[in-house]
1. Suppose R0 equals 25 Å. What FRET efficiency, 1/(1 + (r/R0)^6) with r the Cβ-Cβ distance, do residue 143 and residue 55 give to the nearest 0.05?
2. If R0 is 25 Å, what FRET efficiency do you get for residue 85 and residue 23 from their C-beta distance, rounded to 0.05?
3. So what are the three principal axis dimensions of the range 1-99 from its Cα atoms, in whole Å, longest to shortest?
4. Using the per-residue mean of other Cβ atoms lying within 10 Å as a proxy for protection, in what order, highest first, do the peptides 70-77, 32-39, 117-124 fall?
5. Would you give the gap between the C-alpha center of the range 1-80 and the C-alpha center of the range 87-126, rounded to a whole Å?
6. Roughly speaking, to the nearest percent, how much of the range 56-183's 1.4 Å accessible area is carbon and sulfur?
7. On the Cα set of the chain, report Rg and Dmax in Å, please.
8. Compute the Rg/Rh shape ratio of the range 45-107: radius of gyration over Kirkwood radius, all on alpha-carbon atoms.
Amino acid sequence: MATLENRPNTALLVVDVQNGVVAGNHARDTVVANVSNLVDKARREDVPVVWVQHAGNEFEPETEAWRIVPDLEPDSAEPVVAKDYGDSFEDTTLETVLSDLGVGRLVVVGAQTDACIRSTLHGAFTRGYDATLVSDAHTTEDLTEWGAPPPAQVIAHTNLYWSQQAAPGRTAGTVKTEEVDFG
């Protein structure tokens, strides 16, 4: 279990599923549908859903690019954490939100695989959280023009290495959408 004391709860962490972030991304519609299914499941099971929304650069608040995709809609009772950096914990209220909810385990979904997802997973893990990546509920854009591998390979590599993460007193790993257990 997490190395955080008195944090028995799990939360679904939805990172940057915003119009300007996921537009044109690899398997965008499938990933958004998987995220939607997980949000519905979490709500049915009374598991907190915490939304992270990137701001800055081309994602100015209240612009179309900044908005969460119309396929998903945070409930008015669900926290939305604004962030300016890749790691969703860095200079945000996320730690306070999770602490107030008694959360020590995160199920992570969203975008971009090779930026904010990786940074947030590592940020959570080093802060003592258990961190599970949903292998078919994260995506990224095509950056092959700048020497990156194709998006499907970036996603596969991230799933591979996150399934092998280990640290004292913490768990990590990957699961598919249909295998997610919030218990």
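The values are calculated or read from the model by the stated rules, or taken from the named source; none is laboratory data. What you see is a predicted model, and the numbers here were worked out from it, not measured in a lab. As a convention, Cβ positions derive from the backbone with ideal geometry for all residues, glycine included, and neighbour counts pool all protein chains shown. Side chains included, ligands, DNA and RNA excluded: accessible areas come from the protein's heavy atoms. Shrake-Rupley method; radii C 1.70, N 1.55, O 1.52, S 1.80 Å.
1. Working: r = 22 Å, r/R0 = 0.87.
Efficiency, rounded to the nearest 0.05: 0.70.
2. Values: r = 21 Å, r/R0 = 0.85.
That gives a FRET efficiency of 0.75.
3. 40, 30, 25
4. Numbers: 70-77: 11.1, 32-39: 20.6, 117-124: 22.9.
Taking the mean over residues of other Cβ atoms within 10 Å, the ranking is 117-124, 32-39, 70-77.
5. The range 1-80 and the range 87-126 have Cα centres separated by 11 Å.
6. Working: 3100 of 6200 Å².
Looking at the range 56-183 in its full context, I get 50 percent from C and S.
7. 15.1, 46
8. Numbers: Rg = 12.4 Å, Rh = 12.8 Å.
Taking Rg over the Kirkwood Rh, I get 0.97.
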